[in-house]
Every structure is written in structure tokens, then in C-alpha cells.
Amino acid sequence: MNLNLLAIVAQTALLLLLAPLVSGVIKNWKAKLQNRRGAPVWQPYLDLAKFLRKDMVISEHASWVFSFAPYVVFLTALLVGLMMPLVTLQAPLDLFGGALALVGTLALGRFFLALGGLDPASAFGGMGSSREMTLSAIAEPAMILAIFTVAIAAGSTSLSEMVRVGQSSGWTFFDPAHALAFAALFIVLLAETGRLPVDNPATHLELTMIHEAMLLEYSGRYLALMEWGAAIKQLVLMALLANLFFPLGLAADGTPAALGLGLLWFCAKLLVLVGAVVLVETTNAKLRLFRVPDLLSAAFMLALLALVSTFLFK
Amino acid sequence: MKSRLLKLVNEVAAALAAAWPGQRMRYGLLPALLVLLGLCVWLGPFTPAMLVVGSLGAFTLGTGSGLLLLRRERLANGLGFGLAALGAWSGLVGALRFLLSGPGTPAPHFELLPPLLSSIHFAVRLDPLGAFFLLLVSLLGLAIAIYSLGYAPGFFGRKSVGLLSAGFNLLALASVLVVVADNVWLFLMGWECMALTAYCLVSFEHEEAATRRAGVLYFIMSHLDAGCIILGFALLFQASGDFSFASLHDIGAQMPPGRRDAAFLLFLTGFGIKAGIVPFHIWLPAAHPVAPSNISAFMSGVLIKTGIYGLVRVGFDFLGAPPLWWGVTVLSVGTVSAVLGVLYALMEHDLKRLLAYHSIENIGIILMGLGAALMFRHTGHPLLATLGLIAASYHTLNHAAFKGLLFLGAGAVLHATGTRNMEEMGGLIRRMPQTAALFLVGAVAISALPPLNGFVSEWLTYQALLGGFGTTDHLIRLIFPLSGAMLALTGALAAACFVKAFGITFLAQPRSEHAAQAHEAAPTMRLGMGLLAAACVVLGLFPTQFIRLLDPLTQQLIGQQLSAHLSAGNGMVLTTLASKGGTVSTLGLTLMAVCLLPIPFGLWLVFGRRARLRRAPTWDCGQRELTPHMEYTATGFSKPIRMVFKALFKPHREVQREYDFSPYFAKTLRFDSHVEEVFERRIYRPARWLILRAARRIRGLQAGSIHAYLLYIFVTLLLLLVFAT
């Protein structure tokens, strides 16, 4: 069993350092599109440092589950990031888990996040948990099916193997099944990361919060862990979209040149994806809560069509 | 010498009795004796056959002791459930010993009693399939028997604990007979005994009308299923001429296709009713909540699995070489059961009814694996069929473990708060911390989250379904991605349901006085739950070791052994069949998470050394105090799902208010919300009406006139003469 320790450390560092930057770039570009100056792209780093330094206030009704949840959210996000090929073809933790473990680990994080929302006995938290679990009940199958479409073509549920097959067999984006799966996974990305039109990441009104509602009672270092975990999850889902469907430029070996090139390609793909997300966020209003399942069911149908067409025509 | 030995035994017994401060067991000698016997069973040179006989004997003794000691409650409790635990332990050791001895070992078979008539042999055979299900029955029996030692005292003075312990022992005895029987008669006797004892136990608290109704419904459904099974066995007997299971092996090849298909359908219906597949599931959510919680756990963990045992025995052992549509039917039925089970579970606010619907969902998942295995047997892919069978068997054991744990936890909560209604619970994590932690383990396991066992068996099921790509040319292969999609939907909905179940029951503030005064469960109750929680963790972290136990099973039924193929990385990693296919390692992920734990602590050290922790009330928008009425309720939690799936649920909501001068200041408020019970209204009520109408018509034949009866006898004689010649 060969686990490259250096690769694990390097990928963990990349995840930790790049994730807040992606959030910062999204916020900055959204502001620029709305004709504002916006906060600088390194603002999330300053926010995280601020949260880590501040005192923590915990509800007197909360139990150990409330304190346990931020660790689970943060660690599951990191684990998922280690299972995903970002810059190199071979993800460090590829042996320990592939597509199904990715979805399952994210679900574990979401489970404890929802429990952490219910624990302080506030109505906001319960509402956020309820909405999050409902929307993820429809979004998670869509994600699984979209990933399975690529897995069937590659003959494996290992993410690195999928990327490797994609890279070697030529660019298959114009394959209809892959295009449908990409569209489905893009909608799921918006839902899972709490972006408009599913959820507004900048609001704290009870009619419009989903993810923020579960975080309402968190403060200080626990809030830092939660925000960082959410940012890492966002980075991983974007990497999933970028690397599964556009497997270009990933480093096949560990030479510095290949790694540098891989990093450049990765950042370029992320920037394009961030641009797409910013465009969608700025041009769409938030959907009413009971309209969001329609959008997610559309994503589910797209993913199902993609998988069925793969089974029928291959 | 003898007095010194006695003094030593008494000291040990006193020490044990003192070590259980919550238990007022005056008979401290008894647990010491039972533990000693258990050690003898484990360390002694007993063969699996002897251990099975020992298990049956212990259960019989337990039944007898429960029935004889009706007046002495504590002794009946201790002796009855103690013997049950001993019997289960014996069965567990026997089954493990047999399975660990590898695929080549011959199956011990013997007769329990001398044969009654020439064909009614009380023959018992411990083949790998039987041994695996014996393992399941015994594991659950052991945990539940230990739990019952602390649970049954809740019935002291109210109901007869002797009857409860006798019934439990008899139920366990019948279940063991069902899975090790080698003769159709013994199987049917065990089956019927199981059904009748379960009926008696379901109706244990028969003072409530709902309990009586549930008992009668269960009684009717189990006789329907017994009827189907008897008819199925009759068809098999017609082809083989003998009642022993050995003669029925592969009998399907010798039957004409029409009869073989009819037999399959009869067995699917019969075992399906017992297992609780849709649309025969209506007895499950009625019977499980009203039974005593240890019986509910046994029913959900063992009774419905005997239906699965029957299906595997018939599908793989008796009726070999299945046509494609059998696998398609089982897979479809499984998919529908899984999705409908979890959707109806989400709508429940009775904790035990919610768990009963989840049993239906998990039976659906097991059937998905079995259906895939049957389909692969037809298309000639034995390795994939083995993978499907491994996934189904693994999920069967996992479900027994985590569902048993959850029902025992629900029993502890019911015992402590006096209610099953989640809307009256809350805040129990502070009053019952260990029960809450164990329930959380069960909730994480059943939601198929890594690193526990539910995730592993769903991973295997997904791999089996994905393997269907490229196996057949028919359009039928579309069923694989569709089932995979439904399995994904089920998993996500199950996680939502258990966030609700755990969160509303244990977290936040207590919603009623009962919940605020709840007490922690007795030590033996926690021990029984802890045993099952440990099983969940072990089955989740070490799947490759456990799959080795399934080798004899798959070797017997399909002729393949996959444990070497599925294991990599020194047994730490679970792989799939294709080279460079997917891999997963729950142990690896857990260890990695532990290795990453220093990162947050490093951040605290670098940035947050001066940060302090303060406790304050939850943010209440400036109101003076948050009351429990302001928390989220179970019904409210599942409202968005009710709205999303309203085509299925057809929810009905009614608000009535009485007011004097303004509707905003209501005097009384009545709120009613329910979902449509589709199966009762659309299937069972019309069926019942039709049957009763037919019965009334037939009653017209019994006119009371002797002339009519003489005419019937004459016509029958005439017909017999015509057809006999």
C-alpha cells in the first residue's frame, strides 16, 4: 500500500490555502459585476484569522453534538479533498475511497451540520436543517448519477482512474451523456455550496437562509472551522466538475515542472468555473423554497438521462 | 474443600451483584453461573453441531423456566433471559466456528428427535447458508436477551414477565429451527411456531385496542404467507417426492417451467409477506410499535430476515438456473419497497413506526442485491452474481445489527419517557447520555455514512448494480441504472429521516414534562445496545475480514469465493471485481481523519490561545426566553419533503379555530395533518370488501334446508363417479 506522505501534506496545504481564495474571488467578481468595488480577494483569510482569535459563545441548551459538528464538517471536507485529483492525476487518498466514498463522506459532514443546527433549540437552526436535508435528498442522487455516468465510461468508481481514462482517450466533453452529466453536476454544485438561485450566502433573513441558518449559533473558532470546511467543500466540488469533465493538464509524475503546469491548468479551470458561477449568481434571483426542488429534480432527470443513455448506447 | 469452593463462588457472585448497582438482583449467583457456562461454551471442545443442540436446549429450558416461574418475577426474568442469552451465545459460537472453518467443511446434519411418520423427520443441517443466518439470529438474540434483563423489570407488577421471557425463548427457538431445518415439515413447524409466538408477544399489552388490532392483522398476514409457502412446497414435493431439503436441491431443473414459475411466485409472495415488501408490508408499521421493545427489535432484526433466508434458500438452492424475469421482479420489488419505505418513514412522528418503515426500506435494499444476483446468474456472470449475493448478505447482517440497536434505543426512550411520540421528547441527550450516543451510532449506520457498516454494504450493492453494465443485450439492463438512482435517493432520504429522528428526540429542549424527567436506561440495557453498536463499528471498519466468513456461503450457493478478490492492501482496503475498479477503506479514512485532527488544534495554538468560552442563551430575537414551543417539531421538519412528494402522499391539512371577535385571538385551535394511506385505501379495503361480499354469497349455499344438503351430496357423488372412471 503506497501512500505518498508528501502528496498528502502538499494536497492538504493546497486545499487549506486555496479554498478561502476561491470564496474571495467569487465575492469580488460578484461585486464587480454589480458595479461595486467589493472586498479584496484575500478578505476570507482575514475573516478566518479573526474568527480564530475571537471568544466563543455557546448556547446553554447545546450538547456535545454542537461542539463535535465543526470538527466533523472540517475533517470530512479535507478527507474528500484528499480523495479528489486536483493537480496530480493520482489523488493521495485514492486507495481509500472514490466516488461513493466522496459522496458518503460529504453526507456525513452534512448529517452533523444538520444536527448542530438542531441542537441549540432555536427555530432558525431547525429550519435550516430541515431545508438542507430536503434539498440534499434530491441533490445527492443527482450527483451520484452524474459521477456514475463518467464511472461507467471509465470502468471504475475511482476518481483518479476516471480522470486518467478521460485524459488518455481524448477529450469527450462533446459526448451527449457527458454534457448532460456536466449540466446536472453544475446545478448540484450551486445547491451544495449554497449559491444563488438555491440559497443566498450573504443573507440572514429566515425566509431565505438555508446553510447560514445552521451556522447561526456558531461563533469564534467553531465558526472558522465551519466556514473553512464549507469553502473546502466548494473547492472540491468545483475540482470535481473541472477535472472529471475537462481532464486536461493534470500532472502524471511528480516533477516540479509537471506539478507547476498542473497547478496552472487547475487554477485556469477554476477561474473559468468561478466566472460561470458568478454569472449565474448575478443574473438569477433566489428561487422560492418550494421551487428549488423543481430545479433539483431537473438536475436529477438530466443525470438520469445521462446514465441511461450511457447504458443504452455503449 | 466444598465449603471453600462455595465461599469462593458466593464471593464472585456478590462481587458481580455489587458491580451492577442499578440491578436489584438478589440472585447474584445466577449471573456468575451463566457467565461461567458461557466461558465453558467458548473454550470447550464443542463441535458446531453440539453447540446448535446446546442452543436449542437452552432456549427450551428458558421457555420452561419462564412458564413455571410465573409468580417469581425476578427469578423468571433473570433465569429466562439468562438462559436465552446463553443459548444465543452458544449458537453464535457454533455458527462462527463453522463459518471460520472454511468453505470445504462438510455440513453437520443430524436428527433432533426420532421421525414421526415415514416422512416427518426432525432433521437439522448446518450448511453455510443456515450457519450465516444462525449467526444473525444468535447475535441479535444475545444482545436483546441482555437488554431484556434490564427492560423487563419495567413490567413487574403490571404484566407477566414469565410469559414474556418464555415467549422470547420460544420465538428464538423457532427462529433457530427455521434456519437450520433440513426437512419441509420441521421448517413449517418452526415457521408456524414463530408466527404464533410472535402474535402472542405482539399482543402482550392487549389492554389497548390498537395493540389487539395490530396483533390480529399480523396473525392474518402471517397465515397468508404460511399458506403461500405451503403451496410452494407442495409444488416442489410434487417434483421431488421427498420432503428433505437435500432432495429439493436444484429441483427446479426437473420441474416444468410453468410449475417452476408458479412456485417462485408463491414463495416470493409468502416470504415477501414475512419480510415486509411493498405491497404486503402493512402489518409491519402496525405490529412493531405496539410490541414490547425487545420483541420489536427481535422481530425487525430476525423475523423478517427469515423471509430473506427463505427467498435465498428457494432462489439459489432449490430453484437453480433462474429465468431473467425472476431477477427483474425481485430487483423491481426491492427498489419500490426501498423508496416507499423511506418516504413513509419520513412522515412518521411515532419513533417505533418510523423505525418499522425503515425496516421495509432496508429489506428493499437487500432484495436489490438478491435481484441483481439472480439476474447475473441467468446471464452467466457468476462472479457478479456472487458480488450481489455478498452485498445482500452483508446488508442483512448489518441491518439486523443497526435496526436492533435502534429499536432497543427506542425502547429505552419509551421506558424513560412513557411515550413513543417524538413531538413530546427532546433534550434527552442530557438525561440519557449513553443511550443517546448509542442511538447516534445506529443512526449514522443506517444512513449509510462512512465509516460504519451501512456504508460498506451499500457500497457493495452499488458495485453490484454498476457491474450490470455490459452484461446483457436486452433493454432489461436499463433496470440497473434506474435501481442505482433509486438507491441513491433512498440513502439521501434515510439520512434526512435520521437527522429528524435523532435531533428531535434527543437534542434541544424537552417538549414535555415526561421528557424533562427522563432517566438513563439500566446498565444491562446499555450493555445490550453497546454490543450491537460494537458490532456496527466492527462490521464497518473491517469488511474484508467479514467477507471471508461469507466464502462458504457463496461457495455453496453459486460456487465462487470472492474474499481474496475483494481484499487488498493487507486486508485494509475493499476492492471490486474489475482491476482498477473502485476501492474503499473505512479503516483508512478513519485513521486519516485522526491524523488530520492536529490541524484544528494547531490553529487554536497559533491564533486562538487567548480566546475564551462563554455560555449564553440561544439567540431569541430579543424575546425574553426561548420556550420548547419555539423549537422545530418532527412534523415541521418533514414538511418540505411532504410538499416535494405530495403527489405520492396527498397530504391533508386542516385547521379549525374558535374565536369570539377576531380570528387572531382564537379560543381553541385544532390542527389535523395526515398523509393518505395508499395501500390500505386502494388495495386492502377493496380486497376486504370483495372477500366479504364473496363470503356472503357463498353463505347462501348453507340455506339450512336438508333437501339442499342432500342434493349437494348427490351431485358430488355423481361428479366423483364421473371423474374417477
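The values are calculated or read from the model by the stated rules, or taken from the named source; none is laboratory data. What you see is a predicted model, and the numbers here were worked out from it, not measured in a lab. Don't worry about glycine lacking a Cβ; one is built from the backbone with ideal geometry, like all the others, and counts go over all protein chains shown.
Out of the residues in region B:449-458 meeting the condition of being more than 7 Å from chain A (Cβ to nearest Cβ) and in a loop (DSSP other than H, G, I, E, B), tell me which one is modelled with the highest pLDDT.
From region B:449-458, those more than 7 Å from chain A (Cβ to nearest Cβ) are B:451-454, B:456-458; that's our starting set.
Among the residues that remain, those that are also in a loop (DSSP other than H, G, I, E, B) are: B:451-452.
Numbers: B:451: 92, B:452: 95.
Going through the qualifying residues, I end up with B:452.
Please determine whether any residue of region B:18-40 is out of contact with any His (no Cβ under 8 Å at 6 or more places or on another chain), farther than 18 Å from residue B:80 by Cα, assigned to a helix (DSSP H, G or I) and modelled with pLDDT of 65 or more.
Narrowing region B:18-40 to residues out of contact with any His (no Cβ under 8 Å at 6 or more places or on another chain): B:18-40.
If we keep only those that are farther than 18 Å from residue B:80 by Cα as well, we get B:18-22, B:39-40.
From what is left, the residues that are assigned to a helix (DSSP H, G or I) are B:18-19, B:39-40.
After this cut, where a residue has to be modelled with pLDDT of 65 or more as well, the list is B:39-40.
Looking through region B:18-40, at least one residue is out of contact with any His (no Cβ under 8 Å at 6 or more places or on another chain), farther than 18 Å from residue B:80 by Cα, assigned to a helix (DSSP H, G or I) and modelled with pLDDT of 65 or more.
Give the residue that is farthest from the other protein chains (Cβ to nearest Cβ), with candidates limited to residues of region A:85-104 that are over 23 Å from residue A:263 (Cα atoms) and part of a helix (DSSP H, G or I).
A:103
Based on this model, can you work out whether residue A:107 counts as under 30 Å from residue B:429 (Cα atoms), facing chain B (nearest Cβ under 7 Å) and outside any helix (DSSP H, G or I)?
On the way: under 30 Å from residue B:429 (Cα atoms): yes; facing chain B (nearest Cβ under 7 Å): yes; outside any helix (DSSP H, G or I): no.
It is false that residue A:107 is under 30 Å from residue B:429 (Cα atoms), facing chain B (nearest Cβ under 7 Å) and outside any helix (DSSP H, G or I).
Give the number of residues within region A:21-38 that are touching a helix residue (DSSP H, G or I) at 6+ places or on another chain (Cβ under 6 Å) and either of a type in the set (Gly, Ala, Ser) or over 16 Å from residue A:266 (Cβ atoms) (or both).
Residues of region A:21-38 that are touching a helix residue (DSSP H, G or I) at 6+ places or on another chain (Cβ under 6 Å), as a first pass: A:22-26, A:29-30, A:33, A:38.
Still in the running and either of a type in the set (Gly, Ala, Ser) or over 16 Å from residue A:266 (Cβ atoms) (or both): A:23-24, A:26, A:29-30, A:33, A:38.
Count: 7.
Select, from A:136, A:156, the only residue that is at pLDDT below 90, crowded, with 24+ Cβ neighbours inside 10 Å and polar (S, T, N, Q).
Details: A:136 fails: at pLDDT below 90.
Of A:136, A:156, the one residue that is at pLDDT below 90, crowded, with 24+ Cβ neighbours inside 10 Å and polar (S, T, N, Q) is A:156.
Collect the residues in region B:69-89 that are of a type in the set (D, E, K, R) and outside any helix (DSSP H, G or I), keeping them in residue-number order.
Of everything in region B:69-89, those that are of a type in the set (D, E, K, R) and outside any helix (DSSP H, G or I) turn out to be B:71, B:72.
Yes or no: residue B:691 over 30 Å from residue B:336 (Cβ atoms) and without any contact (Cβ under 8 Å) to a residue 60 or more places away in the chain? Full working, then the answer.
Values: over 30 Å from residue B:336 (Cβ atoms): no; without any contact (Cβ under 8 Å) to a residue 60 or more places away in the chain: yes.
Against the criterion (over 30 Å from residue B:336 (Cβ atoms) and without any contact (Cβ under 8 Å) to a residue 60 or more places away in the chain), residue B:691 does not qualify.
For region B:284-299, check the following and say yes or no: at least one residue is β-branched (Val, Ile, Thr), more than 11 Å from residue B:359 (Cα to Cα) and crowded, with 24+ Cβ neighbours inside 10 Å.
Taking region B:284-299 first, the residues β-branched (Val, Ile, Thr) are B:290, B:295.
Pick out the ones that are also more than 11 Å from residue B:359 (Cα to Cα) and you get B:290, B:295.
Retained after the next criterion (residues that are crowded, with 24+ Cβ neighbours inside 10 Å): B:290, B:295.
Checked region B:284-299: at least one residue is β-branched (Val, Ile, Thr), more than 11 Å from residue B:359 (Cα to Cα) and crowded, with 24+ Cβ neighbours inside 10 Å.
Check residue A:33 against each of (1) crowded, with 16+ Cβ neighbours inside 10 Å; (2) touching a residue at least 24 places away in the same chain (Cβ under 8 Å); (3) farther than 26 Å from residue A:88 by Cβ and name the one condition it does not meet.
(1)
May I ask you to verify whether residue B:534 is among the hydrophobic types (A, V, I, L, M, F, W, C) and in contact with a helix residue (DSSP H, G or I) (Cβ under 8 Å, 6 or more places away or on another chain)? Outline the logic, then answer.
Working: among the hydrophobic types (A, V, I, L, M, F, W, C): yes; in contact with a helix residue (DSSP H, G or I) (Cβ under 8 Å, 6 or more places away or on another chain): no.
For residue B:534, the condition - among the hydrophobic types (A, V, I, L, M, F, W, C) and in contact with a helix residue (DSSP H, G or I) (Cβ under 8 Å, 6 or more places away or on another chain) - is not met.
Can you name every residue in region B:574-583 that is crowded, with 23+ Cβ neighbours inside 10 Å and more than 16 Å from residue A:84 (Cα to Cα)?
Once the filter is applied, which keeps residues that are crowded, with 23+ Cβ neighbours inside 10 Å and more than 16 Å from residue A:84 (Cα to Cα), region B:574-583 yields B:574, B:576.
Looking only at region B:395-444, which residues are over 17 Å from residue B:150 (Cβ atoms), within 14 Å of chain A (Cβ to nearest Cβ), assigned to a helix (DSSP H, G or I) and not aliphatic (A, V, I, L, M)?
Matches in region B:395-444: B:423, B:430, B:442.
Is it fair to say residue B:470 is without any contact (Cβ under 8 Å) to a residue 24 or more places away in the chain and not in a helix (DSSP H, G or I)?
Criteria met by residue B:470.
Would you say residue B:650 is out of contact with any Cys (no Cβ under 8 Å at 6 or more places or on another chain) and at negative phi?
Here the answer is no, as residue B:650 does not meet what is asked.
Applying the selection to region A:110-126, what residues are facing chain B (nearest Cβ under 7 Å), buried (at least 24 other Cβ atoms within 10 Å of the Cβ) and either within 19 Å of the chain's Cα centre (by Cα) or part of a helix (DSSP H, G or I) (or both)?
Of everything in region A:110-126, those that are facing chain B (nearest Cβ under 7 Å), buried (at least 24 other Cβ atoms within 10 Å of the Cβ) and either within 19 Å of the chain's Cα centre (by Cα) or part of a helix (DSSP H, G or I) (or both) turn out to be A:111, A:114, A:115, A:118, A:126.
Output yes when any residue across region B:333-342 is crowded, with 24+ Cβ neighbours inside 10 Å, under 19 Å from the mean Cα position of the chain (by Cα) and under 24 Å from residue B:411 (Cβ atoms), and no when none is. Even if it seems obvious, please write down each step before you answer.
Taking region B:333-342 as the starting set, the residues that turn out to be crowded, with 24+ Cβ neighbours inside 10 Å are B:334-335, B:337-338, B:341-342.
Now narrow it down to the ones that are under 19 Å from the mean Cα position of the chain (by Cα): B:334-335, B:337-338, B:341-342.
Still in the list and also under 24 Å from residue B:411 (Cβ atoms): B:341-342.
Yes, region B:333-342 contains a residue that is crowded, with 24+ Cβ neighbours inside 10 Å, under 19 Å from the mean Cα position of the chain (by Cα) and under 24 Å from residue B:411 (Cβ atoms).
Got at least one residue in region B:547-555 being part of a loop (DSSP other than H, G, I, E, B), modelled with pLDDT of 90 or more, buried (at least 18 other Cβ atoms within 10 Å of the Cβ) and not hydroxyl-bearing (Ser, Thr, Tyr)? So that I can check it myself, show each step before the final result.
Initially, region B:547-555 is screened for residues part of a loop (DSSP other than H, G, I, E, B), giving B:550.
Those left that are additionally modelled with pLDDT of 90 or more: B:550.
From the residues that got through so far, the ones that are buried (at least 18 other Cβ atoms within 10 Å of the Cβ) too are B:550.
Next, only the ones that are not hydroxyl-bearing (Ser, Thr, Tyr) stay: B:550.
Looking through region B:547-555, at least one residue is part of a loop (DSSP other than H, G, I, E, B), modelled with pLDDT of 90 or more, buried (at least 18 other Cβ atoms within 10 Å of the Cβ) and not hydroxyl-bearing (Ser, Thr, Tyr).
Among the numbered conditions (1) free of Cβ contacts under 8 Å to residues at least 24 places away in the same chain; (2) within 21 Å of residue B:496 (Cβ to Cβ); (3) more than 7 Å from chain B (Cβ to nearest Cβ), tell me where residue A:169 comes up short.
For residue A:169, the failing item is (2).
Scan the strands (runs of 3 or more DSSP E) fully inside region B:569-680 and keep the ones with 3 or more residues being out of contact with any Pro (no Cβ under 6 Å at 6 or more places or on another chain). Outline the logic, then answer.
Working: elements: B:573-575, B:613-616, B:652-659, B:666-674.
Correct list: B:613-616, B:652-659, B:666-674.
Scan (1) within 22 Å of residue A:230 (Cβ to Cβ); (2) exposed (fewer than 14 other Cβ atoms within 10 Å of the Cβ); (3) touching a residue at least 40 places away in the same chain (Cβ under 8 Å) for the single condition residue A:48 breaks and write down its number.
(2)
Within the group A:158, A:136, A:130, which residue is farther than 30 Å from residue A:175 by Cα and at the interface with chain B (Cβ under 7 Å from one of its Cβ atoms)?
Values: A:158 fails: farther than 30 Å from residue A:175 by Cα; A:136 fails: farther than 30 Å from residue A:175 by Cα.
Criteria check complete, one pass: A:130.
Given the options A:235, A:189, name the one that is more than 15 Å from residue A:296 (Cβ to Cβ) and part of a helix (DSSP H, G or I). Spell out how you get there, then give the answer.
Details: A:189 fails: more than 15 Å from residue A:296 (Cβ to Cβ).
The conditions single out A:235.
Restricting region A:53-72 to residues that are crowded, with 18+ Cβ neighbours inside 10 Å and more than 7 Å from chain B (Cβ to nearest Cβ), which is farthest from residue B:437 (Cα to Cα)?
Ranking the candidates gives A:70 first.
One line per residue, one yes/no per condition, for (1) touching a residue at least 24 places away in the same chain (Cβ under 8 Å); (2) within 14 Å of chain A (Cβ to nearest Cβ); (3) touching a strand residue (DSSP E or B) at 6+ places or on another chain (Cβ under 7 Å):
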{"residue": "B:460", "(1), (2), (3)": "yes, yes, no"}
{"residue": "B:479", "(1), (2), (3)": "yes, yes, no"}
{"residue": "B:489", "(1), (2), (3)": "yes, yes, no"}
{"residue": "B:543", "(1), (2), (3)": "yes, yes, yes"}
{"residue": "B:561", "(1), (2), (3)": "yes, no, no"}
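Against the conditions (1) surrounded by 15 or more Cβ atoms within 10 Å (Cβ to Cβ); (2) facing another protein chain (nearest Cβ under 8 Å), where does residue B:586 fall short? Just the number, please.
Going through the list (1) surrounded by 15 or more Cβ atoms within 10 Å (Cβ to Cβ); (2) facing another protein chain (nearest Cβ under 8 Å), residue B:586 breaks only (2).
Please work out if residue A:75 is under 21 Å from the mean Cα position of the chain (by Cα), over 20 Å from residue B:612 (Cα atoms), assigned to a helix (DSSP H, G or I) and within 9 Å of another protein chain (Cβ to nearest Cβ). Can you show your working first?
Values: under 21 Å from the mean Cα position of the chain (by Cα): yes; over 20 Å from residue B:612 (Cα atoms): yes; assigned to a helix (DSSP H, G or I): yes; within 9 Å of another protein chain (Cβ to nearest Cβ): yes.
In short, yes.
If I ask for residues that are among the polar types (S, T, N, Q) and at the interface with chain A (Cβ under 8 Å from one of its Cβ atoms), which ones from region B:590-632 would you list? Write out each step before concluding.
At the first step, the residues of region B:590-632 found to be among the polar types (S, T, N, Q) are B:590, B:618, B:623, B:627.
Within region B:590-632, just B:618 meets the criteria.
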